Amino acid sequence: DGGITQSPKYLFRKEGQNVTLSCEQNLNHDAMYWYRQDPGQGLRLIYYSQIVNDFQKGDIAEGYSVSREKKESFPLTVTSAQKNPTAFYLCASSPGTAYGYTFGSGTRLTVV
Amino acid sequence: AQTVTQSQPEMSVQEAETVTLSCTYDTSESNYYLFWYKQPPSRQMILVIRQEAYKQQNATENRFSVNFQKAAKSFSLKISDSQLGDTAMYFCAFMKPLGGGAQKLVFGQGTRLTINP
């Protein structure tokens, strides 16, 4: 079945450490997105990519980086520059405006 | 600013009752898309229903329907014959163009709905 796979489900990061969250889709969607979800704040856009080898900053890109080397893959790196990384991270893809997004199951990142 | 407002942080109803979740939005676009997403305790975001602004007919998906009032910029979700499995966080969202063919979903803060047995 087509869908989006995020891994790992839970991730623990030490202070000063970079970590990478994986997002893979087999839906053949061009557009992919990363959102951060905090309690009481809804979802906020971190980065998005419309096409391979191109990506754009969203509303809260500071402390994060991404790559889009393959259509299927859009990994997110949470760098040590992100001062408050503890959150739930959701990856999504979309075939176009009218269809909304398909979401992955998320990664819960905790700083220890 | 293009924003989405959900004024009900929490709601609770009995099983089999009908419940309506409110959503208002603000946009200067003439045509756009609106969505309701459900996030159960598993935290998987699931598309419930969508509405295209130029269509006057309200969208319906089984027990879920919307009341779309374009002039008032209101997009409420009605759940009929509510079931225990409807317990979830519900997010209203608006698709905002970013330029260059890109778009993003702008989400409201969510309404936590509990269906009681």
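Where a number appears in this text, it was derived from the coordinates with a stated rule and is not lab data. From a predicted model like this one, the values you see are computed outputs, not experimental measurements. Heads up, the Cβs are rebuilt from the backbone with ideal geometry, glycines too, and the neighbour counts pull from every protein chain shown.
Taking R0 as 25 Å, what FRET efficiency do you get between A:ASN26 and B:SER42 from their Cβ-Cβ distance, rounded to the nearest 0.05? After rounding, the FRET efficiency stands at 0.75. Rg ratio for the range B:25-117: its Cα radius of gyration over 2.2 N^0.38 Å, N being its residue count, equals 1.12.
When you filter the GluC sites (Glu not before Pro) in the range A:1-65 for DSSP loop state and at most 16 other Cβ atoms inside 10 Å of their Cβ, you are left with A:GLU15, A:GLU62. Contact order for chain A, expressed relative to its length and based on alpha carbon pairs under 8 Å spaced 6+ residues apart, stands at 35 percent. The alpha carbon gyration tensor of the range A:41-102 gives principal lengths a ≥ b ≥ c with a/c of 1.5 or higher and a/b no greater than b/c, which makes the shape oblate. Loop-located trypsin sites (Lys or Arg not before Pro) in the range A:1-68 (DSSP state not H, G, I, E or B) with no more than 13 neighbouring Cβ atoms inside 10 Å: A:LYS9, A:LYS14. Sparse packing (at most 14 other Cβ atoms within 10 Å of the Cβ) combined with a DSSP loop state is found for the following chymotrypsin sites (Phe, Trp or Tyr not before Pro) in the range B:7-76: B:TYR54.
Kirkwood radius for chain A, taken over all pairs of different Cα atoms as the inverse mean of 1/r, rounds to 13.9 Å. Inter-part distance, the range A:55-112 to the range B:63-115, computed on C-alpha centroids, equals 22 Å. State, as an integer percentage, the relative contact order of chain B based on alpha-carbon contacts under 8 Å between residues 6 or more apart. Averaging sequence separation for qualifying contacts and normalising by length gives 36 percent for chain B.
Kirkwood-type hydrodynamic radius, the protein assembly as shown: 18.2 Å, calculated from all non-identical alpha-carbon pairs. Quick one: longest stretch of chain B between exposed loop GluC sites (Glu not before Pro), exposed meaning at most 14 other C-beta atoms within 10 Å and loop per DSSP? By the stated rule (loop sites, at most 14 other Cβ atoms within 10 Å), B:30-117.
Summing charges over neighbours of B:ASN31, with a neighbour being any other residue whose Cβ is under 13 Å away from its Cβ, gives +1 when K and R count +1 and D and E count -1.
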